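**Q** Sharing a structure here in structure tokens format.
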Amino acid sequence: MPEPLDTIRSVLQSSVDAECYKKGLATGAQGAMFGVSLGLFMGTFEGSHGEMKGNTVAEQLRNGFRQMVLVSWNKGRALALNFGAAGTVFSTTECAIESYRAKHDLLNAVTAGCAAGAVFSIPANLRKGPAALGKGLALGCACGGAFSVAVDYGLRILDSWE
């Protein structure tokens, strides 16, 4: 028969794990929505610089609009995947480390930022070979950790103003 303390620990751990998954999925969905909106916004500028195809002004406008929508959609999908994955990895990693260490401090955010930055750098370096992928992961980890420190520091300054 298991001891009562072990049973309580397993119940608490499973609830913490469930909360981390929920937090990760929610943050991933928010990151994906941000990526889509950013892609749609940025795609409108990229798609508008094409050659004018068509004999009439109406055909040229229709073709230009079609090109803009296509570029916006593709960019939005790609950014949704990147921001969704990075957001999911960041929040899940931070929550898991925080529940394991039972502390809420800068190290949790730096470690989660490192993991998210590494994930964010994978699509750009995946086909360039193992050496470039390793450098990309290291640089993504460093930049993600540094960004997490900057955000955490900025939020602490904002909290001190209240």
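**Q** Around D105, with a cut-off of 13 angstrom between Cβ atoms, what is the net charge of the other residues, counting Lys and Arg +1 and Asp and Glu -1?
**A** 0
**Q** Accessible area of T27, 1.4 Å probe, to the nearest 10 Å²?
**A** 40 Å²
**Q** Under a Cβ-Cβ cut-off of 14 Å, what is the net charge of the residues other than L70 that fall near it, where Lys and Arg count +1 and Asp and Glu count -1?
**A** Result for the neighbourhood of L70: +4.
**Q** Count charges around G144 for me, please; just the other residues with Cβ under 13 Å from its Cβ, Lys/Arg as +1, Asp/Glu as -1.
**A** Net local charge, G144 excluded: -2.
**Q** Scan [x] 41, 18, 17; [y] 69, 25, 15; [z] 74, 16, 13 for the value of semi-axes √(5λ) of the Cα gyration tensor in Å calculated from this model and give just the label.
**A** Recomputing semi-axes √(5λ) of the Cα gyration tensor in Å here gives the entry labelled [x].
**Q** Using helices alone, I'd like the mean residue ellipticity at 222 nm for the chain: each DSSP H run of four-plus residues gives -39500 (n - 2.57), total over residue count, nearest 500.
**A** Roughly -31500 deg cm²/dmol at 222 nm, from the helical runs in the chain.
**Q** Taking only protein heavy atoms into account and a 1.4 Å probe, give the accessible area per residue of the stretch 86-162 in Å².
**A** 63 Å²
**Q** In addition: Find the Cα radius of gyration of the stretch 98-162, compare it with 2.2 N^0.38 Å by division, and give the number to two decimals.
**A** 1.35
**Q** Taking C-beta distances below 4.7 angstrom as the pairing criterion, name the unpartnered cysteines of the chain, in sequence order.
**A** That list is C143.
The values are calculated or read from the model by the stated rules, or taken from the named source; none is laboratory data. Remember, it's a predicted structure, so these values are computed and weren't measured experimentally. Don't worry about glycine lacking a Cβ; one is built from the backbone with ideal geometry, like all the others, and counts go over all protein chains shown. We work out accessible area using only protein heavy atoms, side chains counted, and drop any ligands, DNA or RNA first. Shrake-Rupley method; radii C 1.70, N 1.55, O 1.52, S 1.80 Å.
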